[in-house]
1. Take residues that are at pLDDT below 90, surrounded by fewer than 16 Cβ atoms within 10 Å (Cβ to Cβ) and touching a Gly at 6+ places or on another chain (Cβ under 6 Å) and tell me which of the helices (runs of 4 or more DSSP H) falling wholly in the stretch 27-69 contain 1 or more.
2. Has the stretch 83-91 got any residue that is surrounded by 14 or more Cβ atoms within 10 Å (Cβ to Cβ) and modelled with pLDDT under 85?
3. Scan the stretch 94-110 residue by residue and report those that are exposed (fewer than 13 other Cβ atoms within 10 Å of the Cβ) and more than 12 Å from VAL54 (Cα to Cα).
4. Identify, please: which residue in the stretch 13-26 is in a helix (DSSP H, G or I) and in contact (Cβ under 8 Å) with a residue 40 or more places away in the chain and is, among those, farthest from ALA69 (Cα to Cα)?
5. Among the residues of the stretch 1-26, count how many are at pLDDT 75 or above, buried (at least 16 other Cβ atoms within 10 Å of the Cβ) and among the aliphatic types (A, V, I, L, M).
Amino acid sequence: MFVNINIYFVNNIGIKIRKKREGQGIKQEFMAYHLNITQSNYGRLEKDDNRLTVPKLKKISEILDVPIADLFDTTDSNLNKPTDELSKEPYLHDYIESLKEEITFLRKLLENIKRTV
């Protein structure tokens with residue numbers, strides 16, 4: 001099952017995964033091996049690819065030994081603006097709302113996976 005996440009959101013996750021992986025000195029080949037995919041396919045997961053699935057995200061978080069929530073951390077100076085400033089930038093408000101929906105959706109998927117494991 002593929003999770004439909006908008007490209008910007010996926011790219012943010014990929015960037016966070018890459019930074020955490022590189023920070024731990026882990027090679028793409030190591031990640032690919034543990035995900036049972038090729039290195040080139042893994043490289044695409046860290047780019048603006050929408051192939052990230054909940055099971056892959058779960059496995060990546062296990063390999064990197066970080067909570068999945070850390071991969072979704074949307075800390076950004078634009079997102080920390082007061083709400084009244086967001087009204088001046090409606091695209092940010094829409095983006096934040098779409099992120100909230102995606103996070104809710106992913107949490108429900110994770111709950112279902114936990115029940116089946």
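1. Details: elements: 28-35, 39-45, 54-64.
Ranges flagged: none.
2. Step one: of the stretch 83-91, the residues surrounded by 14 or more Cβ atoms within 10 Å (Cβ to Cβ) are 86.
Applying the additional criterion that residues be modelled with pLDDT under 85 yields 86.
The answer is yes, given that some residue of the stretch 83-91 is surrounded by 14 or more Cβ atoms within 10 Å (Cβ to Cβ) and modelled with pLDDT under 85.
3. Listed by number, the residues that qualify are ASP94, GLU97, LYS100, GLU101, THR104.
4. The qualifying residue farthest from ALA69 (Cα to Cα) is ARG21.
5. Residues meeting the conditions: 2.
The values are calculated or read from the model by the stated rules, or taken from the named source; none is laboratory data. This structure is a prediction, so every number in the text was calculated from the model and none was measured. Methodologically, a virtual Cβ is constructed for each residue, glycine included, from the backbone with ideal geometry; neighbour enumeration extends over all protein chains shown.
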